[in-house]
Amino acid sequence: MICAICLLLIKSVHGTHTEYEDLGFYPQKEHSLMRPYQGTGMTIPNWDIIGHTIVSSNFIRITPDQQSRHGGLWNKVPITFPYWEVHLEFKITGHGKDLFGDGMAFWYVKHPMQPGNVFGSADFFWGLGIFLDTYANQNGAHAHTHPYISAMVNNATMAYDHDRDGTHTELAGCEAKLRTAEHDTYIAIRYYNDTLTVMTDVDGSGEWTDCFISNGVYLPTGLYLGITAATGDLSDNHDIISIKTYRLETPIHLMDKLDQRAMIIPHALGSAHPRDHIDDDHSASGRMSWLRFFFYLFLTIIVLVIAGVIGLLIYQKRQEVSRKRFY
Ligand SMILES: *[C@@H]1O[C@H](CO)[C@@H](O)[C@H](O)[C@H]1NC(C)=O
Ligand SMILES: *[C@@H]1O[C@H](CO)[C@@H](O)[C@H](O)[C@H]1NC(C)=O
Ligand SMILES: [Ca+2]
């Protein structure tokens, strides 16, 4: 069992996502959601919905493709084991061809069911947020295109800056063409050995592609899984088809320290120093791309050339003037 999961962890990095069941691992029922969603009556066992979310027989629509909507789907049962992996099948579609938004978020946080302005959920959260951001609020503030997936770990002291797509508080991220109606789209979020790994399957290949791997991520046990989404002036259908949560092996040395895991203050070594909000240039300098480097080089050369030409003109003018004076 334990070795199967070691094998699984190594294999699954670029494997297919049906391997888990093939190897005999089944989703944790109380943290998962699959069709048919409804139990008896209108409720979904173990899950709550809020906002404009509606349940249909084939998907859970967190927001419809209409302006100014927000919704959420929250697990009622906290996660009591340290390490887990969530496979999320989702679909983001809408009538907009070039303009659509705002996106969806996956949460592992202390306070579920709190509506707010971070993709439909409350800011200053305690835990982890993974944002599937379909709309670029500020193009100049970052070097990536949208849709963009990013992660943020928060101890309830930091705000998510929506106007800058969370650039200053981002732990890691990747671009992903996750908005399509043509095939099924998936994201996997693995928290294992204090490492956060996010993978996607958004090209219809059935294989996981790495989005990012971030070491030194510390998250407590006892938090809640959730999905939220929001629309503003722009809109999209944000749908969830299934959520499969797997319990990963708890290392022996953590077995008798589970109450200590519950005391962890969420933090990530990769984002230990939140970047300055005001100074955009400094915040980006750490990962200045070659493209940007050449752009600045080009700009410098242009400025030098212009300065040279102006200098030359002034020099010639002076020569003329002094010549005139001479005669
Ligand atoms: C919470 O996070 C902020 C920003 O990373 C940090 O400065 C602060 O020390 C943290 N608070 C605690 C109690 O760890
Ligand atoms: C867990 O992480 C530590 C430190 O990053 C590393 O040394 C160790 O090999 C990892 N263990 C497993 C089972 O991946
Ligand atoms: Ca955005």
| Where segment 2-281 is the region considered: accessible area per residue in Å², 1.4 Å probe | 44 Å²
| request: Could you order VAL86, VAL202, VAL77 so the one with the most accessible surface comes first? Probe is 1.4 Å. | output: VAL77, VAL202, VAL86
| For segment 107-187, what class follows from the C-alpha gyration tensor (a ≥ b ≥ c being the square roots of its eigenvalues): rounded when a/c is under 1.5, otherwise prolate if a/b is larger than b/c, else oblate? | oblate
| task | Quick one: accessible surface of SER32, probe radius 1.4 Å, all protein chains present, in square angstrom to the nearest 10. | result | 10 Å²
| said: Using square roots of five times the C-alpha gyration tensor eigenvalues, list the equivalent-ellipsoid semi-axes of segment 2-281 in whole Å, biggest first. | reply: 26, 23, 19
| Cross-link list LYS177/LYS244; LYS91/LYS244; LYS110/LYS177: which exceed 18 angstrom alpha carbon to alpha carbon? | LYS177/LYS244; LYS110/LYS177
| Can you put PHE212, PHE59 in order of accessible area, largest first, using a 1.4 Å probe? | PHE59, PHE212
| query | Considering only protein heavy atoms, what is the solvent-accessible area of GLU175 at a probe of 1.4 Å, reported in Å² to the nearest 10? | reply | 100 Å²
| Which net charge results when you count Lys and Arg as +1 and Asp and Glu as -1 among the other residues whose beta-carbon is under 13 Å from that of ILE92? | -4
| task | Sort ARG261, ARG69 by accessible area with a 1.4 Å probe, largest first. | result | ARG69, ARG261
| In Å², nearest 10: area of MET42 left accessible to a 1.4 Å probe | 150 Å²
| request: For segment 38-140, with all protein chains present and a 1.4 Å probe, just round the carbon and sulfur fraction of the accessible area to a whole percent. | output: 52 percent
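The values are calculated or read from the model by the stated rules, or taken from the named source; none is laboratory data. Being a predicted model, the structure only gives us computed values, none of them experimental. Neighbour counts run over all protein chains shown; Cβ positions are idealised from the backbone, glycine included. Protein only, heavy atoms only, side chains kept; ligands, DNA and RNA dropped before computing areas. Shrake-Rupley method; radii C 1.70, N 1.55, O 1.52, S 1.80 Å.
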